[in-house]
Amino acid sequence: MVKRYIVLCFILLSVLSARSNIYERNCVKCHKTQAVTLDKLFYRYLLKYSSERAVKKALYDYLKHPSFFKTIMPKGYINRYGIKLPSKLSDKDLKKAIDVYWDKYKVFGKLKVKK
Amino acid sequence: MSVSKNLDIRLLRSEKKSLVAFLSLYLFFSIIILFFIVFLYYSFQKDLMLQKKREYLQEYSKDFVVKLKRLHRNFSKTHIYPTDKNIRTAIYDSDKVKIFSLLKRKPDLKKVIYKTGDQIQFIKEPESYYLGAKYIIFEMEDDGIWFKKFIKNILMFGFPFFIIIMIMGYFLMRLFLKPMRDTVVLLDRFIKDTTHELNTPVSAIMANIETIDKNKLEPKTLRKIERIDIAARTISNIYQDLTYLVLNHRVQTNDERMDISKLLKDRCEYFSIIAKSKKIEFILDIQDGVYLDIDKNKMIKLIDNLISNAIKYNKIKGKIKIVLREGSIIVEDTGIGISEDKLNEIFDRYKRFNTSSGGFGIGLNIVWMIAKEYNLKIKVDSKVGKYTKVEIRW
């Protein structure tokens, strides 16, 4: 019985770590060297798209087909750094990476009242 | 002719029905209109209050949006949501999913400002979705001052308005009753005039018959004289009824201790000639020494009408049973009877159930009026084609 639980926990951790790895390997790796950090980018998306569904859709659309008209970054930034290349990740992996990104920076469940 | 002058006239059942229907309809529509006005006034007052609160909350929301913007910018450093002692807030995203809420009641995101329970909620959509918030909801307690003012005004103006409507209803009812009353008054006036003209000739006939020495008459002539006497007594009886009806208000009542037993025997004697013409037999069961405090003429009218009805609606060779006991008189005939559904209407003035017999339909109305005056109870029991039994109790 205990063994079964250990195996289950192991599988779960492996899945989570695999998801996390997609995000870490394909997103964080490049963005940590860039001028705009991932968290700032997230709150820009949130400011424009509001809901989880809308933010994830906008991220997916942009990463699949980046364009000047879809970007949320200011004009000056784009002029300097240009538009990124389309993501080579599969749809499934890209969605996984976006899910991890959402979970990491989402506002839900984080707000609290000063006591 | 004013209505109040004839208030003792019993309204017919159909008149009562119309009157009740009219009053119900009038009341119903008056109340509907009143409720409509109250509802409009309530909505107006509520909107006025919400407008005032909206201005206040609109002003407050500007500060709150600034705080939310600040939190959005520093979200990686702090997660402390801005709060206020009197105003609770919540933020919802563009898919109407709750991000964070301190509200007491669930908001309706389709509205802008509204009252829910005892809370007032105001919804603002900021220009940018700080922390993803498309909707910011502000909630504050409704102090209810506007509602107290509303109730006060309703009591101050609504109540007098209701009274005015009721007074108008009363005058409308009088207008409604007027044609009915006028008909009754017209009939009364006609009877009064006719009665006056009847008095002299009837008195002359009766006085002359009494002076005739019947022993000297031949049997054939005697029978003729008796028939004239019966006819004269019948007319006299009708005359008495009509006089009573018309002059009832003006006749002075003189109550005295009446020997009902003696009076009843006298009246039976008086009617015996008329009864004899229809070969009707009186069965008397009169207890001696029954007394009642009543006006003599009124008691005579009461007894006369009961007996004359019992004769009028009886069959040839029928019987009239009269029972007098302490506290009750019973007059029972073996006549045509009255159907059960008409029993309630027999005391209505000018109501006649058998047009083949003479009369104006006022006899039982007089009985009813006298009974009402002296608080006597009338009980009528009848079976069509068998009998009618009238009992007067005191």
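Laboratory data are not the source of any read-out in this text; all were calculated from the coordinates shown. This structure is a prediction, so every number in the text was calculated from the model and none was measured. Using ideal geometry, Cβ is built from the backbone for each residue, glycine included, and neighbour counts are taken over all protein chains shown.
Given a cut-off of 27 Å, name the pairs among B:Lys17/B:Lys321; B:Lys301/B:Lys389; B:Lys278/B:Lys383; A:Lys32/A:Lys95; A:Lys96/B:Lys104; B:Lys220/B:Lys298 whose C-alpha atoms lie farther apart than that in the structure shown.
The pairs that break the limit, which is 27 Å between Cα atoms, are B:Lys17/B:Lys321; A:Lys96/B:Lys104; B:Lys220/B:Lys298.
Apply 1/(1 + (r/R0)^6) to the Cβ-Cβ distance of B:Lys383 and B:Ile151, taking R0 = 45 Å, and write down the FRET efficiency to the nearest 0.05.
In this case the efficiency is close to 0.15.
For chain B, modelled as a GNM with alpha-carbon contacts under 10 angstrom, which of B:Met299, B:Met49, B:Met173 fluctuates the most?
Answer for the Gaussian network model of chain B: B:Met49.
Going down the table (B:Lys192/B:Lys319; A:Lys88/B:Lys110; A:Lys64/B:Lys124; A:Lys70/B:Lys115; B:Lys77/B:Lys124), which pairs top 32 Å between alpha carbons? Please report the intermediate quantities before stating the final value.
Working: B:Lys192/B:Lys319 34 Å; A:Lys88/B:Lys110 42 Å; A:Lys64/B:Lys124 34 Å; A:Lys70/B:Lys115 41 Å; B:Lys77/B:Lys124 26 Å.
Check vs 32 Å cut-off fails for B:Lys192/B:Lys319; A:Lys88/B:Lys110; A:Lys64/B:Lys124; A:Lys70/B:Lys115.
B:Thr116's amide H: which non-local residues (gap 5+, or another chain) put their own amide H closer than 5 Å, with H modeled 1.01 Å from N in plane and none for Pro or chain starts?
B:Gln121
Suppose the chain between B:Phe161 and B:His79 were pulled fully straight at 0.36 nm per residue; how much longer would it get relative to their current alpha carbon spacing?
Numbers: separation 82, 0.36 × 82 = 29.52 nm, distance 5.87 nm.
Separation in residues times 0.36 nm, less the Cα-Cα distance, equals 23.7 nm.
Quick one: if the Förster radius is 30 Å, what FRET efficiency do B:Gln58 and A:Asp39 give, using the C-beta to C-beta distance and rounding to 0.05?
Details: r = 32 Å, r/R0 = 1.08.
After rounding, the FRET efficiency stands at 0.40.
Lys and Arg at +1, Asp and Glu at -1: add these up for the other residues within a Cβ distance under 9 Å of B:Ile280 and post the number.
On the way: positive: B:Lys276, B:Lys278, B:Lys279, B:Lys315, B:Lys317, B:Lys319; negative: B:Glu281, B:Asp333.
Summing Lys/Arg as +1 and Asp/Glu as -1 gives +4.
Put +1 on the Cβ of every Lys and Arg and -1 on every Asp and Glu Cβ in the stretch B:40-143; which of B:Leu68, B:Thr116, B:Leu102 then has its Cα farthest towards the positive end of the dipole?
Final value for the positive-end residue is B:Leu68.
Collect residues whose amide H, placed 1.01 Å from N in the peptide plane, falls under 5 Å from the amide H of B:Ile99; neighbours closer than 5 in sequence don't count.
B:Ile91, B:Tyr92, B:Asp93
Give a residue-ordered list of calculated ³J(HN,Hα) values for the stretch B:111-116 (Karplus: 6.51 cos²θ - 1.76 cosθ + 1.60, θ = phi - 60°; whole Hz; x for Gly, Pro).
Going residue by residue, I get 9, 10, 9, 6, 10, 10 Hz, with x marking Gly and Pro.
Quick one: which residues, 5 or more positions from B:Phe282 or on another chain, have an amide H under 5 Å from its amide H? H modelled 1.01 Å from N in the peptide plane, none for Pro or chain starts.
The answer is B:Ile320.
Could you tell me how many degrees, from 0 to 90 and to the nearest 10, lie between the Cα long axis of helix B:159-211 and the main elongation axis, the longest principal axis, of the Cα atoms of chain B?
Value to nearest ten degrees: 0.
Could you tell me which of rounded, prolate or oblate describes the protein assembly as shown, using a ≥ b ≥ c as the square roots of the eigenvalues of the alpha-carbon gyration tensor, with rounded for a/c under 1.5 and, failing that, prolate when a/b is larger than b/c and oblate otherwise? Each step should come with its number before you reach the end.
On the way: a/c = 5.49, a/b = 4.12, b/c = 1.33.
The shape class here is prolate.
With springs only between Cα atoms under 10 Å, which of B:Asp333, B:Asp229, B:Asp118 fluctuates most in a Gaussian network model of chain B?
B:Asp118
Compute the signed sum of charges (Lys and Arg +1, Asp and Glu -1) over the other residues within less than 11 Å, Cβ to Cβ, of B:Thr334. Walk me through the numbers on the way to the answer.
Numbers: positive: B:Lys315, B:Lys317, B:Lys319, B:Lys321, B:Lys383, B:Lys386, B:Lys389; negative: B:Glu281, B:Glu332, B:Asp333.
Its environment carries a net charge of +4.
Report, in degrees rounded to the nearest 10, the 0 to 90 angle that the Cα long axis of helix B:13-73 makes with the longest principal axis of chain B.
10 degrees
What 222 nm value per residue comes from the helices of the protein assembly as shown, counting each DSSP H run with n ≥ 4 as -39,500 (n - 2.57) and dividing by all residues, nearest 500 deg cm²/dmol?
Details: 12 runs with 267 residues, N = 509.
So the helix-based figure for the protein assembly as shown works out to -18500 deg cm²/dmol.
Grab the other residues whose beta carbon is less than 15 angstrom from that of B:Tyr42, score K and R as +1, D and E as -1, and report the net. List each step's numbers first, then the result.
Working: positive: B:Lys46, B:Lys115, B:Lys148, B:Lys149, B:Lys152; negative: B:Asp47, B:Asp142.
My count for the surroundings of B:Tyr42 gives +3.
Under 18 Å between alpha carbons, and skipping anything fewer than 8 positions from B:Lys46 in its own chain: which aspartates and glutamates qualify?
Partners found: B:Glu55, B:Asp108, B:Asp118, B:Glu139, B:Glu141, B:Asp142, B:Asp143.
Determine ³J(HN,Hα), in whole Hz, for all residues of the stretch B:313-324 in sequence, where each value follows from phi through the Karplus function 6.51 cos²θ - 1.76 cosθ + 1.60 and θ = phi - 60°; x replaces Gly and Pro.
9, 8, 8, 5, 6, x, 10, 10, 9, 10, 10, 10
Take the Cβ-Cβ distance between B:Lys46 and A:Val113 as r, set R0 to 22 Å, and report the resulting FRET efficiency rounded to the nearest 0.05.
Working: r = 31 Å, r/R0 = 1.43.
The computed FRET efficiency comes out at 0.10.
Which of B:Asn208, B:Asn305, B:Asn297 moves most in a GNM of chain B, Cα contacts under 10 Å?
B:Asn208
If each residue of separation counts as 0.36 nm, what is the full-extension length gain between B:Lys216 and B:Arg257 once their alpha-carbon separation is subtracted?
Values: separation 41, 0.36 × 41 = 14.76 nm, distance 4.09 nm.
Here the answer is 10.7 nm.
Can you sort B:Val20, A:Val36 so the residue with the fewest Cβ neighbours within 10 Å comes first? Working shown, then result.
On the way: B:Val20 10, A:Val36 13.
Starting with the residue having the fewest Cβ neighbours, the order is B:Val20, A:Val36.
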